[in-house]
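In what follows, a single structure is set out as structure tokens and then discussed.
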Amino acid sequence: MSETSDKQKSLKSRVSDQYRLVILDDDTLKELKTARISILGFTLSMVAILILIAGLTYLIIAFTPLRYTVPGYAEIENNKVYMELYQRLEMLEKELDAQKIYTDGLKNMLNPSGQEIDANIPLEDLSLNNGVDDLTNFFFHPPLRGEISASFNRDINHLGVDVIAPKNTPVKSILDGKVIHADWSIKNGNTLSIQHPNNIISTYKHNSSLLKKVGDQV
């Protein structure tokens, strides 16, 4: 037991004991430089230097073009770029689809028959229900209930009905259909247009918010 204890003490003392490092002039044996150091201190110093070198190496590789020399790193970076481009492409495709639906709806609204329109025909000569034979055969659901503040009046170009209702009252579609326009403008506020069967389009303006987007079925 005592021998083991003595060995442990001896090892501990050797690690912590101070040693003198002396640099002598070879000709005159004069001390040029001297330093005190222990095995423990030398070991800790070397570990600290290695950690510092490793940290600097990581920073240089991670934040300089040298990172592209690391095997596999360039491939990961390219994959990120490809994913971002793919996501942007998907967004553009959705926007194009929405624009197509909106454009097709406008075409049906302006020219339901699909025939060429003479540009010289005055606007007032065009029928508002062009392409729809008889609206009396359709059952239209009231979009909301409230007080009518302004009725339909073609003479003053008021082509709709203004209804006053409590705030956040749900506005419903008059018929089944697909949303072809959902946007906000200074003049009309939040506006929604719906394409219904038989070339019927209904538009809802001045909404407090829009809960549907282009392409949604209602």
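The values are calculated or read from the model by the stated rules, or taken from the named source; none is laboratory data. Everything numeric in this text was worked out from a predicted model, so none of it was measured. Note that we place each Cβ from the backbone using ideal geometry, even for glycine, and neighbour counts take in every protein chain shown.
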*Tell me, which residue of segment 25-63 that is among the hydroxyl-bearing types (S, T, Y), part of a helix (DSSP H, G or I) and closer than 26 Å to R14 by Cα is farthest from the chain's Cα centre (by Cα)?*
T43
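Rundown of residues vs (1) charged (D, E, K, R); (2) closer than 26 Å to K94 by Cβ; (3) surrounded by 17 or more Cβ atoms within 10 Å (Cβ to Cβ), yes/no style:
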{"site": "N157", "(1), (2), (3)": "no, no, no"}
{"site": "V163", "(1), (2), (3)": "no, no, yes"}
{"site": "P166", "(1), (2), (3)": "no, no, no"}
{"site": "L192", "(1), (2), (3)": "no, yes, yes"}
{"site": "H196", "(1), (2), (3)": "no, yes, yes"}
{"site": "T203", "(1), (2), (3)": "no, yes, no"}
*asked:* Please list, ordered by residue number, the strands (runs of 3 or more DSSP E) wholly in segment 117-200 having 2 or more residues that are touching a His at 6+ places or on another chain (Cβ under 7 Å) and either hydrophobic (A, V, I, L, M, F, W, C) or modelled with pLDDT of 85 or more (or both).
replied: 189-196
